[in-house]
Number of protein chains: 2
Amino acid sequence: MEKIGDFQINSIVQGDCVELLKKLPNNSVDLIFADPPYNLQLNGELFRPNQTKVDAVNDGWDKFDSFESYDKFCLQWLSECRRVLKSTGSIWVIGSYHNIFRIGKIMQDLGFWILNDIIWIKTNPMPNFKGTRFNNAHETLIWASKSEKSSYTFHYKSMKTFNDDLQMRSDWYIPICQGEERIKVNGKKAHSTQKPEELLFRIILSTSNINDLILDPFSGSGTTAAVAKRLKRKFLGFERELFYVQVANERLNKIIPLAEPVLEYKIERRKPKVPFGSLIEKGFVEIGEVLYSKNGLHQAVVLADGSLQYGDLVASIHKVSAFILGKENYNGWSFWYVKRNGILQSIDDLRNLYSEKYFGTPFKIHSKTISKTA
Amino acid sequence: MEKIGDFQINSIVQGDCVELLKKLPNNSVDLIFADPPYNLQLNGELFRPNQTKVDAVNDGWDKFDSFESYDKFCLQWLSECRRVLKSTGSIWVIGSYHNIFRIGKIMQDLGFWILNDIIWIKTNPMPNFKGTRFNNAHETLIWASKSEKSSYTFHYKSMKTFNDDLQMRSDWYIPICQGEERIKVNGKKAHSTQKPEELLFRIILSTSNINDLILDPFSGSGTTAAVAKRLKRKFLGFERELFYVQVANERLNKIIPLAEPVLEYKIERRKPKVPFGSLIEKGFVEIGEVLYSKNGLHQAVVLADGSLQYGDLVASIHKVSAFILGKENYNGWSFWYVKRNGILQSIDDLRNLYSEKYFGTPFKIHSKTISKTA
DNA sequence: CACCCTTGTGAATCAGTCT
DNA sequence: GAGACTGATTCACAAGGGT
């Protein structure tokens, strides 16, 4: 079986996440999803991140102590996450106003580069019974790359298609996890903060590829692993409580991965690049032929090397169109037309004809990788 | 005329906010709204697909050397804000992912007690032109009391009435400030980040009383003061740029206080749109399932990202149906059917089922101004 | 006057590849 | 690694002009 460091791939490992993270090699993980403890104060009792109870009075506890220990804990696991994350990977962290500001600040300090904060808007939140505040109807996710300059996987076009051909926004409307999906043991919720699979579906689909390794350092009920398995990603989960490890394993046994063909990012296929010169070589455009702007006002002559002659200017289709429009840059494919049977035809159409004739389908699957340049 | 410290009540004072804050007495302000610089860290220029340049925030007041210098600045003005805030008062701070995490962390460290984070969801944000991230369609507001134990003003019932007798949620749907409301000088926007009055309307109405003193340490175009005056609150604004002070004063001169606390904004009742991808996430439509045209002649397979495979063509439900019908555009929701128990069922029906099941409580979405200032 | 089409624009951390 | 070159990329409104 495949391994990563000491760990079996596709498993939930019981133990403290910081200790376990330290055993992972550098730059070994493609995507991280983390749902850390929230540091909530409940029933007048405060729990430190390591789950030991703190006596608010006798322990001399105050908010500063609490925040300080929480910050220290987050600095540890986030540092390790950054170390194990590949430079092409990205990380998602979910939280509420109790902890997300501290987490975001620490992430920025560590050099993570925030790409978006995503708002999970709960379509069916619990009402605020006391009526003392606004109904807290959302949680916040931070999506970040390893550093400012690093590239990352993002299936922009797939998400646009997913969203009825409009680019996906930072507000996501997803019901809370209830009903059949909610795992119960002896009639009681197995985990108090089980996340909806819909949320992980979107995250994994948009920011990872098939066979990528996804790490969840706070695995809990195993939602990340379950969706990862279903979408044919590799996964590794860390979880402190043995009970949750068992719950997650039971859950995972029932998951059937989807067939590969339906998971491929066919929508992001790129046709092989066809340089303008290829159109000339194959006679789609003749040497010496005149190209026209859409309104016919501008004309240029095609030279043998694929450059255009426009008055004294000789340059690429892009440069000449940019010059005519008085712009720094322009896409010449959308500017120039040829005359065929007296009718203007876009050279971009000719390019498509060329592609169909010489490349046909299918094209190579290609995921969009964004890379930043200095 | 009434004064607070050295300052005239109901005025915009020109100067550095930290210096001016220091001149205010302790515990003297009922409500603070702060819209600090976001520290956007923009690099080069950004062009739209049509090659026009985006008029970005490039103002000197948003430039900071580092996170450290930004943190230091925020620690200063937030400390002073806490000092001048009455123990019965509260503070609102607005920001984006660039700065809001740092702000929230500092506020918690100073002892502010966060009551809610409110998401201003923009109904009409600027798109992401390059397809590199999710469209950043919101900003975040933090609402906090002076300390954990302090009481604070909150008109829960008013907000519920305002919201058609439904609890007001933490997600607010408000258009960006444009059109008549946007202040222009010589045809250009007077301030690059003018906030919509509706945002301040909700804030002031929900968390202050008539005759309360409201402080805005980053007054800018004067939206806070304008709405405060209209709602019969006292106000004090600090603003570094003389130009903005003048803009705000001109604006304020035109404001007529309301005789009655009438509802100025009407909230429309609408359920969020369900994109095709959501049906897949929840299993209303299975990945790999076949969709049929009404007459059954055309069939397509559903892929994981919500795209359809129809022969060699892979695209959205809308694009594929348009292709089949030989049209430029078509509404795929009315074209495609799934087979359930041998019977064809419209995917639009499935969408309604989803909506009924998970959006039971109607959302309050778009809101509009129904009366304008004189 | 109603309707349609074009143009402009908003807190934006906004490109990828080859030489 | 820097620089040159290619060519991919947008949503909701408001305002104004034309039919």
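Below, the figures for the structure above:
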| item | result |
| --- | --- |
| Two-site FRET efficiency, A:LYS189 against A:GLU19, from Cβ-Cβ distance with R₀ of 25 Å, rounded to 0.05 | 0.35 |
| Beta bridge orientation in region B:3-270: antiparallel %, DSSP, nearest 5 | 50 percent |
| Folded to 0 to 90 degrees: helix B:67-84 orientation relative to chain B principal axis, Cα | 60 degrees |
| Cα gyration tensor shape for region A:3-268, rounded if a/c is under 1.5, else prolate or oblate | rounded |
| Mean-position separation - Cα centroids, region B:285-312 and region B:52-118, in angstrom | 49 Å |
| Listed residues B:PRO196, B:PRO25, B:PRO275, most fluctuating in chain B (Gaussian network, C-alpha, under 10 Å) | B:PRO275 |
| Position B:GLU19, label points 7 Å along Cα→Cβ, spacing to each other copy in nm (shortest first, one decimal) | 5.7 |
| Given A:LYS189/B:LYS357; A:LYS327/B:LYS188; A:LYS184/B:LYS157; B:LYS22/B:LYS184; A:LYS149/B:LYS72; A:LYS188/B:LYS273, the pairs whose alpha carbons are separated by over 31 Å | A:LYS184/B:LYS157; B:LYS22/B:LYS184; A:LYS188/B:LYS273 |
| Sequence-distant lysines (8 or more away, or on other chains) whose Cα lies within less than 17 Å of A:LYS23 | A:LYS3, A:LYS86 |
| Region B:159-223 shape via C-alpha gyration tensor axes, a/c threshold 1.5 | oblate |
| Rounded Å value of the spacing that divides the Cα centres of region A:223-279 and region B:161-187 | 40 Å |
| Selected from A:ALA226, A:ALA322, A:ALA248 as most flexible by GNM, with chain A as the system and alpha-carbon contacts under 10 Å | A:ALA322 |
| Given chain A, longest segment not containing exposed loop trypsin sites (Lys or Arg not before Pro) (DSSP; at most 15 other Cβ within 10 Å) | A:24-129 |
| Distance between modelled label sites at B:ASN209 and B:LYS327, nm, 7 Å Cα→Cβ extension | 5.9 nm |
| FRET efficiency estimate (nearest 0.05) - Cβ-Cβ, B:LYS149 to B:TRP61, R0 60 angstrom | 0.95 |
| Whichever aspartates and glutamates have a C-alpha closer than 19 Å to that of B:LYS232, once near sequence neighbours (fewer than 8 apart) are set aside | B:GLU2, B:ASP30, B:GLU197, B:GLU198, B:ASP212, B:ASP216, B:GLU250, B:GLU260, B:GLU264 |
| Choice from A:MET107, A:MET168, A:MET126 with maximal GNM fluctuation in chain A (Cα, 10 Å cutoff) | A:MET126 |
| Eligible aspartates and glutamates near A:LYS282 by straight Cα distance, threshold 16 Å, same-chain separation 8 or greater | A:ASP305, A:ASP348, A:ASP349, A:GLU356 |
| Inter-part distance where region A:333-349 and region B:329-346 are each reduced to a Cα centre, Å | 38 Å |
| Shape of the protein assembly as shown, Cα gyration tensor, a/c cut at 1.5 | oblate |
| Model label zone, A:ARG182; criterion: amide N under 15 Å from point 7 Å along Cα-to-beta-carbon; scope region A:117-155 | A:123-127 |
| Calculated FRET value between B:GLN299 and B:LYS254, using beta carbons and R₀ = 35 Å, to 0.05 | 0.05 |
| Degrees separating the helix A:197-207 axis from the principal Cα axis of chain A, which is the longest one | 40 degrees |
| GluC sites (Glu not before Pro) restricted to region B:272-318 and DSSP loop, no more than 16 other C-beta within 10 Å | B:GLU286, B:GLU289 |
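A short reminder: the numbers here are calculations on the coordinates, not readings from a lab. Because the structure is a prediction, the values reported are computed rather than measured. With ideal geometry, Cβ positions are generated from the backbone for all residues, glycine too; neighbour counts draw on all protein chains shown.
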